[in-house]
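S.K.: Sending over a structure as structure tokens; questions will come in a sec.
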Amino acid sequence: MLAGPTTFARRVVAVTRSIPRGRVATYGDVAVLAGRPGAARAVGNIMAHCEDPTIPCHRVIAAGGDLGGYTDLVRKKQQLAAEGVTFSGRRIRQFRELRWTGDTPATLRRRRPV
DNA sequence: ATTTTGACCGTGC
DNA sequence: CGCACGGCCAAAA
């Protein structure tokens, strides 16, 4: 078999792909969903490559609802805006509601209801 | 095998 | 609100 991305990297991409349109997830959230709590920084490293445009890497933001990094921040903002996400400077509005932490029966308990 | 690097995160000032 | 610091982790050097 050909050498490819590590298991971790692939899981990160899979999680990123699962983020619904118009919703966002922090690097830390993705790390948790990928099975490596605390690996937020490592997630950022992987996202930095993000060659494949079909991967919604613009939905991965920084903690607290901050826009976070991106190769082209202006574009990241535009892409999110195109999905209905609004901002207040670098801060995403309605972060509490838009945040997606994998709303599944298993993970729902981790977050408190709005 | 060891060191360096980064689209991070929480805390403190 | 902004900035520095230390801690974290996986990938690349």
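None of the figures in this text is laboratory data; all of them are computed from the coordinates on show. As the structure is a prediction and not an experimental result, all values here were calculated from the model. Heads up, the Cβs are rebuilt from the backbone with ideal geometry, glycines too, and the neighbour counts pull from every protein chain shown.
S.K.: Would you please name the residue that is surrounded by the most Cβ atoms within 10 Å (Cβ to Cβ), looking only at residues in the range A:54-74 that are more than 14 Å from A:GLN94 (Cα to Cα) and near DNA strand B (Cβ under 8 Å from one of its atoms)?
M.R.: The extreme case among them is A:VAL60.
S.K.: What single numbered condition from (1) without any contact (Cβ under 8 Å) to a residue 24 or more places away in the chain; (2) part of a strand (DSSP E or B) fails to hold for A:ALA25?
M.R.: Answer for A:ALA25: the failing condition is (1).
S.K.: Now for a separate question. Taking A:VAL15 as the residue in question, decide whether it is in contact (Cβ under 8 Å) with a residue 60 or more places away in the chain, over 21 Å from A:ALA81 (Cβ atoms), within 15 Å of DNA strand C (Cβ to nearest atom) and within 12 Å of the chain's Cα centre (by Cα).
M.R.: Judged against the criteria, A:VAL15 is a match.
S.K.: Could you list, in sequence order, the residues of the range A:36-53 that are surrounded by 12 or more Cβ atoms within 10 Å (Cβ to Cβ) and either hydrophobic (A, V, I, L, M, F, W, C) or in contact (Cβ under 8 Å) with a residue 60 or more places away in the chain (or both)?
M.R.: A:ALA39, A:ALA40, A:ALA42, A:VAL43, A:ILE46, A:MET47, A:CYS50
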